[in-house]
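**Q** Handing you a structure now.
The values are calculated or read from the model by the stated rules, or taken from the named source; none is laboratory data. All figures in this text were calculated on a predicted structure; none of them were measured in a lab. Cβ: placed from backbone, ideal geometry, glycine included. Neighbour counts: every protein chain shown. The protein model used for the area step is the full one, side chains on, heavy atoms only, and it has no ligands, DNA or RNA in it. Shrake-Rupley method; radii C 1.70, N 1.55, O 1.52, S 1.80 Å.
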Amino acid sequence: MRKLFGTDGVRGVANRELTVELAMQLGRAGAYVLAGQANGAPKVLLGTDTRRSGDMLEAALSAGLCSLGAQVYLAGDIPTPGVAYLVRKYGFDAGVMISASHNPMGDNGIKFFNSAGRKLSDELELEIEKLIDEMDARDRLPRPEGIGVGVASNCPWGEGDYASFLRASVPDLRLGRDFIIALDCANGATSKIAMSLFQSLGALVYVINNQPDGININNNCGSTHMDGLKAFVKEKKANIGLAFDGDGDRMLAVDENGNEIDGDVIMAICTADLHERGLLKDNTLVGTIMSNQGLDIFCNERGINLFRTDVGDRYVLEKMLTDDLMLGGEQSGHVIFRQFCDTGDGMLTGLQLLGALARSGKPFSQLANIMTVYPQVLVNAKINGTRKSEIATHHVIVSAREEIETKLAGRGRILVRPSGTEPLVRVMIEGEDKAQITEWAQQLAQEIGAQLT
């Protein structure tokens, strides 16, 4: 059973749960496991988002890696998909990203990538955990001396290379100065790159929340707090707004009227665009169990297959790799365009969405009507994280859920699942009456919180 790694790396409150000691141990154990994959001292690219705790954890993680002989390259503040891209391009043996994505600034996380720029397999993550968990195993880790000790070097070229890769994904896209794009960088890892990247399309670009100070990442901004961008789009009379999260691997959008456009609708737009151009591999889109029922109807009407996976971009990618599919993602804005990369990438998704929008010749609000979004409510229940597994069997919770399912009477659905990264249980109810399903979701979340604290 996993103790450290969740669905998206190791996360926790920085300096309390994710300490410098743990970061150093992750570096040492990770270097040992990765050395076995690399057949020697591994070359590791290390990136961070803009959190204040990033410097502390970068130093500790880098020290742990170097203590096993790894050669560490410090990319600094860069989006998570940028690390994945650079690992592939330059033949690194591994990459590590220090980020807690959309979480508050006090949290942080450590996520490993293999040489293909993909998240480590469950087996390798468990191997790293075992080395950390077992004192005898830790004590057996080698301690090279002299020239065997690894070194850390800066690599400031990474940011520019990554931006060039993104721009090359839409080589023919040209927008005039009468096309206005509004951006919200969440004071995160896209802050340095996004404005110049989207300006290269020829559009007029305005940006908010691109002044990170180590504390303001995700603070009432970005893809988890859309009100600021909605108002900004209307203020600037923008054609579209794009909101990224703290580490830049997801994106949600706003139409010209200030309406939020979620990941399901973004995928529907891009799916239709690829389908019409004959570029949708095997006529198949990969979503998750959280994908809106409207996405099913959209696909059925066009003869497109929709495959649902468990929640988490790692599971979406797993299906895409198994069946060699090209497009998949999540309602939250993680979208994977596999012809370009194997990770969700917010800025890449924004560029692909702009390409589809330009080809359609329609206003964004009209294009977004391609899919009917059914009312869906998501409520989080805070619990004791060690009790997540009880949600499927706890008799009070099971009974409360069954009562709601009876009331839905087949005209909606309910999903209860533990978060892979936080001590939360997420309750999602989809149905015809938003006020009613909101009440039911809140009631069930309260019950779960009461039973599992």
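**Q** Hey, for a label at THR372 modelled as a point 7 Å past Cα toward Cβ, could you say which residues of the range 416-453 have their backbone N under 15 Å away?
**A** Answer for the range 416-453: 431-434.
**Q** With unit charges on the beta carbon (Lys/Arg positive, Asp/Glu negative), name the residue among SER389, ALA38, ASN300 whose Cα is farthest towards the positive pole of the charge dipole of the chain.
**A** Checking the options against the dipole of the chain, the answer is ALA38.
**Q** In debye, nearest 20: dipole of the chain around its Cα centre with unit charges on the Cβ of K, R (+) and D, E (-)? Write out the running numbers ahead of the final one.
**A** Working: 45 positive and 58 negative charges, 108 e Å.
Here the chain has a charge dipole of around 520 debye.
**Q** In nm, what is the difference between 0.36 nm times the number of residues separating SER164 and ARG52 and their Cα-Cα distance?
**A** Details: separation 112, 0.36 × 112 = 40.32 nm, distance 2.77 nm.
Taking 0.36 nm per residue and subtracting the Cα distance, the gain is 37.6 nm.
**Q** Also, quick follow-up: Scaled to the compact-protein estimate 2.2 N^0.38 Å, what is the alpha-carbon radius of gyration of the range 407-450, rounded to two decimal places? Each step should come with its number before you reach the end.
**A** Working: Rg = 11.1 Å, N = 44, 2.2 N^0.38 = 9.3 Å.
That works out to 1.20 for the range 407-450.
**Q** Still on this structure, I have one more. Per residue, how large is the accessible surface of the range 398-451? Use a 1.4 angstrom probe and give square angstrom.
**A** Values: 2630 Å² over 54 residues.
Here the per-residue accessible area is 49 Å².
**Q** Can you list the lysines whose alpha carbon is less than 21 Å from that of LYS111, not counting same-chain residues fewer than 8 positions off?
**A** Leaving aside lysines fewer than 8 places away in the same chain, those within reach of LYS111 are LYS3, LYS43, LYS89, LYS119, LYS130, LYS319.
**Q** Taking amide H atoms as placed 1.01 Å from N in the peptide plane, list the residues 5 or more away in sequence, or in a different chain, whose amide H sits under 5 Å from that of ALA203.
**A** Amide H neighbours of ALA203: LEU175.
**Q** Give, rounded to the nearest 20 debye, the magnitude of the charge dipole that the range 278-374 has about its Cα centre when Lys and Arg contribute +1 at Cβ and Asp and Glu contribute -1 at Cβ.
**A** Approximately 340 debye in magnitude.
**Q** Return one whole number: the accessible area per residue of the range 291-393 in Å², for a 1.4 Å probe.
**A** Numbers: 4240 Å² over 103 residues.
Value for the range 291-393: 41 Å² per residue.
**Q** Compute the orientation-averaged projected area for the range 32-72 from the convex hull of its Cα atoms and round it to one decimal in nm². Could the numbers behind the result be given before it?
**A** Numbers: hull surface 11.1 nm².
That works out to 2.8 nm², a quarter of the Cα hull's surface.
**Q** Continuing with this model, one more query. If I stretch the segment between GLU21 and ASP282 completely, what's the gain in nm (0.36 nm per residue apart, minus their alpha carbon distance), one decimal?
**A** 89.2 nm
**Q** Tell me, in nm to one decimal, what length is gained between GLN442 and ASN154 on full extension, where the rule is 0.36 nm per residue of separation less the Cα-Cα distance? List each step's numbers first, then the result.
**A** Working: separation 288, 0.36 × 288 = 103.68 nm, distance 4.84 nm.
Length gained between GLN442 and ASN154: 98.8 nm.
**Q** When all alpha-carbon pairs of the range 374-453 are counted, what percent fall beyond 20 Å?
**A** That tail contains 25 percent of the Cα-Cα pairs.
**Q** Need the list of aspartates and glutamates near LYS382 for cross-linking: C-alpha distance under 15 angstrom, and skip anything on the same chain fewer than eight residues off.
**A** By straight Cα distance, LYS382 reaches GLU390, GLU422, GLU447.
**Q** Let me ask you something else. What do you get for Rg/Rh of the range 117-193 when both radii come from the Cα atoms and Rh is the Kirkwood radius?
**A** On the way: Rg = 21.7 Å, Rh = 18.2 Å.
That ratio equals 1.20.
**Q** Could you tell me what percent of the accessible area of the chain is made up of carbon and sulfur, with a 1.4 Å probe and every protein chain present? If you can, show how the numbers build up before the last one.
**A** Values: 8960 of 18690 Å².
On the chain, the fraction of accessible area on carbon and sulfur atoms equals 48 percent.
**Q** What distance in nm separates the two pseudo spin-label positions at LEU141 and HIS225, each 7 Å out from Cα along the beta-carbon direction?
**A** It works out to 3.6 nm between the two label points.
**Q** Calculate the spin-label point distance for ASP310 paired with ILE215, positioning each point 7 Å from the Cα along the beta-carbon direction, and give it in nanometres.
**A** The answer from the label model is 3.9 nm.
**Q** Calculate for the chain the 222 nm mean residue ellipticity that helices alone would give, adding -39,500 (n - 2.57) per DSSP H run of length 4 or more and normalising by residue count, nearest 500 deg cm²/dmol. Before the final figure, lay out each step's value.
**A** Values: 15 runs with 175 residues, N = 453.
It comes out at -12000 deg cm²/dmol, rounded to the nearest 500.
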